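See structure below.
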Amino acid sequence: ERLATDLEAAGLRVLIDDRAGVSPGVRFKDAELIGVPTIANVVRGVANEVSPTIEVKDRKSGERDDIALAAAVDHLVAVCS
């Protein structure tokens with residue numbers, strides 16, 4: 001939620017899919033269906049990791065990158081602008 005707040009403050013539109021009882025596969029499929037251009041996958045427990053990373057996927061190119069959480073806002077602003 002903190003990452004979403006920081007991204008919104010940087011001018012990006014954010015959609016958090018935190019539906020209970022829905023598998024990640026269904027969430028990814030739904031994101032594809034509605035046309036989400038960039039997906040940032042933040043796994044549960046990321047705040048407790050020593051060097052937390054998130055997975056960023058560009059829907060158009062299919063590229064996936066692991067990005068340090070500390071650099072996520074700057075990376076996503078650059079990618080989404």
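The values are calculated or read from the model by the stated rules, or taken from the named source; none is laboratory data. Values in this document were obtained by computation on a predicted structure and should not be read as measured data. Please note that ligands, DNA and RNA were not included when accessible areas were found on the heavy atoms of the full protein model with its side chains. Shrake-Rupley method; radii C 1.70, N 1.55, O 1.52, S 1.80 Å.
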- How much length, in nm to one decimal, is gained on full extension between L33 and A9, taken as 0.36 nm per residue of separation minus their Cα-Cα distance? 6.0 nm
- Mean-square fluctuation maximum in Gaussian network of the chain, Cα pairs under 10 Å, restricted to A20, A71, A31, hits A20
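At a 1.4 Å probe radius, carbon and sulfur cover how many percent of the accessible area of the chain? Don't skip to the answer; put the middle values down first.
Numbers: 3090 of 5960 Å².
Of all accessible area on the chain, carbon and sulfur atoms account for 52 percent.
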